[in-house]
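Participant: Below is the structure I would like to discuss, written out as structure tokens.
No value in this document is a laboratory result; all are computed from the given coordinates. Since the structure is predicted, the reported quantities are computational estimates derived from the model, not experimental observations. Note that each Cβ is placed from the backbone with ideal geometry, even for glycine, and that neighbours are counted across all protein chains shown.
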Amino acid sequence: MAPTTRSTVAGPVQSDDVQSGRVTRGRKTATKKVPIEPLAKALRLQIKESDPELGPVCGNPPAWSEKRPDLCDALPWFRATQGGLYHLHGFCWGFLVDSDSGERAYIDDEIIITRVGGGCTKDKDGNLTLIRDQDFKNVTVKSLLNNQQSKLPVGLVIGSKNKELKRKLPHRYNVMAYFQVTDVWYERVGEKTGVKVRFEKLELSEKSWWAALGSPNPPSLEERDFDTKPESIQCLSCHRKSPRIYNEGWMCLEPTCTDFWYINQSRPDALTFHPDFLNTRSRPARTIRPHHSLIPNLLGTISEDDPEVSSMRIAWKAIVCPLCSKCVPRMFWRGWKCTDDGITGPQHQCPFQKLFNMPPVSIRSVVDDFDLGPIQRALYFNPKMAIPEIDDESLFPYRKLTYRIRGVGSITHFVANRAINSQYGGPNDMFRTLQTGDLGLRRYRLQQSVVAGTLTAHFAVNFGMPYKYVVSVDSKGFDEAPDPILRALGRLTWATEQAVSSAGDHFLPPNELLMLGYFEDMKIGFHDDGESSLGATIATLSLGAPSTMSIRMKYKYYHGLTKVKHLVDHDPILEGCKHEEERLDLKKQLDAGKISLSHYKERLYSLLKIGTTAGGEAPPRMKLELHHGDLVVMHGEKLQSYFEHSVAPENKMRFALTARYIKPDHVDENELHKGRFTLSPDQIYNGQ
């Protein structure tokens with residue numbers, strides 16, 4: 001192994017302590033006060049109860065968040081809800097320095113040295129471990145190299161789990177500043193080749209907010225040493241130059257070279273960074289400048305009087321609060337409220353809010369084929385999907401399309417048209433009036449999600465019996481429901497009765513209505529409505545933009561195996577499932593007593609595990625093109641148990657009003673009154 005003696009270091013380093021790659025540098029004191037708006041200063045969150053081992057920082061980040069999805073929603077340059085690097089079009093735009101920065105990581109007031117992600121897995125202790133070599137083909141590595149070559153700065157975020165800074169950070173995620181990529185090089189990490197990157201703060205004239213409280217100000221640009229550079233030596237084997245990065249000696253950093261990662265023909269044991277490599281600073285250059293705002297001013301680009309803008313995709317992103325700098329997601333139909341996000345807690349009492357007037361969006365602006373639509377959807381069916389039973393007479397003027405799934409249930413699609421939609425109090429009027437009232441629509445945090453704190457991609461409000469679908473939604477009684485909600489309930493009750501009666505089952509009138517509101521590009525992914533508190537029937541009225549409803553078999557029933565490769569208990573062997581014929585044949589042999597249960601399971605597992613290593617969800621069984629005024633009724637308890645569905649709107653605004661029967665014995669008796677209602681004669685619907 002290489003000796004661990006250190007070289008004598010000259011230069012602007014006052015201390016020769018370079019242990020663990022850290023250098024203590026002298027700073028000249030020069031006080032520079034930055035005026036802060038009094039109210040904003042008062043609203044800054046106080047640093048949390050200090051860790052006795054960590055000192056506080058001297059300032060506040062220009063933007064912060066306690067939940068990663070809020071941060072990604074507010075910063076266009078960091079949309080990576082997972083992973084530490086956000087790249088787009090070949091460049092790195094944002095970089096997160098959090099818990100695991102790798103071996104020989106380093107952070108001070110102006111320099112950050114950290115590992116580059118990719119090709120890793122977590123070990124039993126939760127630490128990232130390289131499982132394959134990293135090289136320039138890695139998209140994250142390539143993006144950083146492109147930034148270095150093109151001199152494009154990167155926005156950096158530091159997480160509170162980072163241990164390299166050794167200071168108490170005020171929030172979970174803290175925006176730092178713009179940095180430039182000065183070096184990207186290869187290191188030996190165990191038996192693999194990993195990549196490191198050195199970031200240098202772009203603006204050197206200002207003190208970093210993450211500097212230690214009470215630390216001196218940095219030297220002025222006139223006092224800076226911009227001449228110190230690390231030594232660069234050409235390798236005798238590969239003839240490529242590498243900078244001297246480590247204090248213990250120079251070595252070739254080209255991974256394809258036979259001398260890679262050797263100092264004096266020996267593998268290094270412990271390494272520390274050379275002071276010249278750490279102390280190097282780049283001269284300010286006008287050509288190195290950001291191409292985007294570190295802290296975007298979204299509100300300054302949106303006109304609240306423009307109905308088209310208020311429901312666009314950009315209008316439901318998070319903002320950075322102008323008072324306290326928190327990343328505030330849009331949780332309310334009409335806008336943003338800084339305090340009420342269900343995350344920060346009662347200690348955060350910022351009064352900022354921005355609520356739009358929300359002028360109504362016209363139905364014509366969200367339905368492109370306003371006149372042709374009914375004709376088109378009455379004639380077209382996807383030949384690759386299930387073909388419905390067509391009934392054009394019994395429920396005229398609706399066209400009734402019924403998709404039956406053998407042994408499971410049915411899906412009935414009531415196709416509306418212009419005559420139905422234009423009636424007084426009908427879908428056209430509902431679409432307009434639902435936009436004008438403050439119904440309490442808001443977004444909620446998902447109870448279960450890959451990334452904690454993720455919001456639903458739709459707004460919701462519940463009337464009638466309480467219902468918790470994928471999130472907990474506060475329920476209002478039907479006595480609080482406005483007229484368009486009750487008119488929708490009348491239509492949904494009618495549609496439910498028609499579909500259930502056609503199936504020969506007992507009709508239970510709905511006693512709950514969940515309204516979902518969608519802005520541009522919002523959608524709800526695959527899910528089921530199979531809670532034990534629900535009845536067997538779910539009816540939905542679609543208003544506004546057209547959407548596609550997809551229905552597919554659940555993974556475990558399609559494959560016969562769970563995602564962790566366990567056999568499904570009580571496999572129904574549904575029509576269209578994978579290996580359907582072979583699975584049925586084995587089941588017949590078991591039922592006839594020709595094979596034992598253990599033999600059945602052994603043969604079944606051997607059959608099913610073939611081809612399931614890559615996973616793969618079931619293909620959609622059917623797709624329904626839902627248009628303005630259409631009604632859809634899903635009937636059958638097994639339908640929700642075995643199948644799941646998704647809905648993807650195609651334009652800027654859509655409402656989905658879904659009615660169900662909630663079993664009273666699943667509801668607190670103090671809330672039973674919420675599900676009681678009486679419709680007026682003009683709210684009762686008869687299909688005309």
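Participant: Could you list which residues have their amide H under 5 Å from that of ASP133, counting only those 5 or more apart in sequence or on another chain, with H placed in the peptide plane?
Facilitator: Amide H to amide H, under 5 Å and 5 or more residues apart or across chains, ASP133 pairs with THR193.
Participant: In a shell of Cβ-Cβ distance under 15 Å around LEU639, excluding LEU639 itself, what net charge do Lys and Arg (+1) and Asp and Glu (-1) give?
Facilitator: On the way: positive: ARG404, ARG406, ARG552, LYS554, ARG621, LYS638, ARG660; negative: ASP505, ASP528, ASP529, GLU531, GLU575, GLU637, GLU644.
Result for the neighbourhood of LEU639: 0.
Participant: Can you tell me which of 155-164, 183-192 comes out highest on packing, and rank the rest after it, using the mean Cβ neighbours within 10 Å? Write out the running numbers ahead of the final one.
Facilitator: Values: 155-164: 19.5, 183-192: 16.6.
Packing order, densest peptide first, comes out as 155-164, 183-192.
Participant: Ranked highest first by average number of other Cβ atoms within 10 Å, how do 355-367, 98-110, 211-223 line up? Please report the intermediate quantities before stating the final value.
Facilitator: Working: 355-367: 16.5, 98-110: 18.9, 211-223: 13.9.
Averaged packing, sorted descending, gives the order 98-110, 355-367, 211-223.
Participant: Given [x] 40.5; [y] 34.2; [z] 38.5 as candidate values of mean projected area of the Cα convex hull in nm², which corresponds to the one derived from the coordinates?
Facilitator: After the calculation, the listed value that fits is [z].
Participant: Now a separate question. Taking the DSSP beta bridges in the chain as the whole, what percent of them are antiparallel, to the nearest 5? Write out the running numbers ahead of the final one.
Facilitator: Values: 103 of 113 bridges.
Beta bridges within the chain, antiparallel portion: roughly 90 percent.
Participant: Give, rounded to the nearest 20 debye, the magnitude of the charge dipole that the chain has about its Cα centre when Lys and Arg contribute +1 at Cβ and Asp and Glu contribute -1 at Cβ.
Facilitator: Details: 89 positive and 83 negative charges, 327 e Å.
For the chain, the charge dipole is close to 1560 debye.
Participant: Rounded to whole Å, give me the distance from the Cα center of segment 91-117 to that of segment 308-324.
Facilitator: 30
Participant: Step through the residues of segment 93-98 one at a time and calculate ³J(HN,Hα) from phi using the Karplus curve (6.51 cos²θ - 1.76 cosθ + 1.60, θ = phi - 60°), rounding each to whole Hz and writing x for Gly and Pro.
Facilitator: For segment 93-98, the Karplus-derived couplings read 10, x, 9, 9, 9, 10 Hz, x marking Gly and Pro.
Participant: For segment 192-201, what does the Karplus curve 6.51 cos²θ - 1.76 cosθ + 1.60, with θ = phi - 60°, yield as ³J(HN,Hα) per residue in whole Hz, taken in order and with x for Gly and Pro?
Facilitator: Couplings: 10, 9, x, 10, 10, 9, 10, 9, 10, 4 Hz.
Participant: When a/c is below 1.5 the answer is rounded, else prolate if a/b is larger than b/c, else oblate, so apply that to segment 560-608 with a ≥ b ≥ c taken from the square roots of the Cα gyration tensor eigenvalues.
Facilitator: Working: a/c = 1.93, a/b = 1.27, b/c = 1.53.
Here segment 560-608 falls in the oblate category.
Participant: Now for a different question. Straight-line reach from LYS384: which lysines have a Cα under 18 Å away, not including same-chain ones fewer than 8 places off?
Facilitator: The reachable lysines, counting only those whose Cα sits under 18 Å from LYS384, are LYS578, LYS623.
Participant: Beta carbons within 10 angstrom, averaged per residue: use that to sort the peptides 569-582, 511-524, highest first.
Facilitator: Working: 569-582: 14.2, 511-524: 22.2.
The packing order, highest mean first, is 511-524, 569-582.
Participant: Given LYS523/LYS609; LYS587/LYS638; LYS400/LYS554; LYS317/LYS400; LYS638/LYS663; LYS166/LYS354, which pairs have Cα atoms separated by over 28 Å?
Facilitator: Violating the 28 Å Cα-Cα cut-off are LYS523/LYS609; LYS317/LYS400; LYS166/LYS354.
Participant: Please list 3J(HN,Hα) in residue order for segment 523-528, calculated via the Karplus relation 6.51 cos²θ - 1.76 cosθ + 1.60 where θ = phi - 60°; whole Hz, with x for glycine and proline.
Facilitator: Once θ is set to phi - 60°, the couplings for segment 523-528 become 7, 10, x, 4, 7, 10 Hz.
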